[in-house]
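Asks: Following this message is one structure expressed as structure tokens.
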Amino acid sequence: MAITSAIVLFAVTWFMTMLIALPIGLKTQGDMGEKVEGTHDGAPANYNPRRKAVIVTLVTCVIWVCLVTFITLTDLTWHDLDWTARLPSVADS
């Protein structure tokens, strides 16, 4: 795996993990009963982006190491995932 592929894989994994983690543990101003004037009841009351980013980064590192290990240690290729048989054979390229 090239370094660029590893960086892209980490970035995609990080953003997917962040989208999953954003609503976890979120309490809204409506839930807390302390609404700030001019905001919606669904606005977050206790959002800490730095803490969430650190947790997501740590979880992403574990997932990323597992993915990189799987990709580098197996013989899985794009041709194994070609269910339509439209990719040219390796000998043709």
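Asks: Among the residues of segment 66-79, count how many are within 18 Å of ILE7 (Cα to Cα), surrounded by 10 or more Cβ atoms within 10 Å (Cβ to Cβ) and of a type in the set (Val, Ile, Thr).
Replies: Residues flagged as within 18 Å of ILE7 (Cα to Cα), surrounded by 10 or more Cβ atoms within 10 Å (Cβ to Cβ) and of a type in the set (Val, Ile, Thr) within segment 66-79 amount to 3.
Asks: Still on this structure: Could you list, in sequence order, the residues of segment 28-65 that are loosely packed, with under 14 Cβ neighbours inside 10 Å and charged (D, E, K, R)?
Replies: The answer is ASP31, GLU34, GLU37, ASP41, ARG50, ARG51.
Asks: Would you be able to say whether some residue in segment 79-90 is among the basic types (Lys, Arg) and under 23 Å from VAL8 (Cβ atoms)?
Replies: Taking every residue of segment 79-90 in turn, none turns out to be among the basic types (Lys, Arg) and under 23 Å from VAL8 (Cβ atoms).
Asks: Also, quick follow-up: What is the residue count in segment 34-93 for residues that are within 30 Å of ILE24 (Cβ to Cβ) and of a type in the set (D, E, K, R)?
Replies: 7
Asks: Another question about this same structure. On the basis of being outside any helix (DSSP H, G or I), loosely packed, with under 11 Cβ neighbours inside 10 Å and among the small types (Gly, Ala, Ser), does GLY25 make the cut?
Replies: no
Asks: Just one of LEU58, LEU76, LEU67 is part of a helix (DSSP H, G or I) and modelled with pLDDT under 95; which is it?
Replies: Being part of a helix (DSSP H, G or I) and modelled with pLDDT under 95 holds for just one of LEU58, LEU76, LEU67, which is LEU67.
The values are calculated or read from the model by the stated rules, or taken from the named source; none is laboratory data. For clarity, every value in this text was computed on a predicted model and none was experimentally measured. Cβ atoms come from the backbone with ideal geometry, glycine included; neighbour counts cover every protein chain shown.
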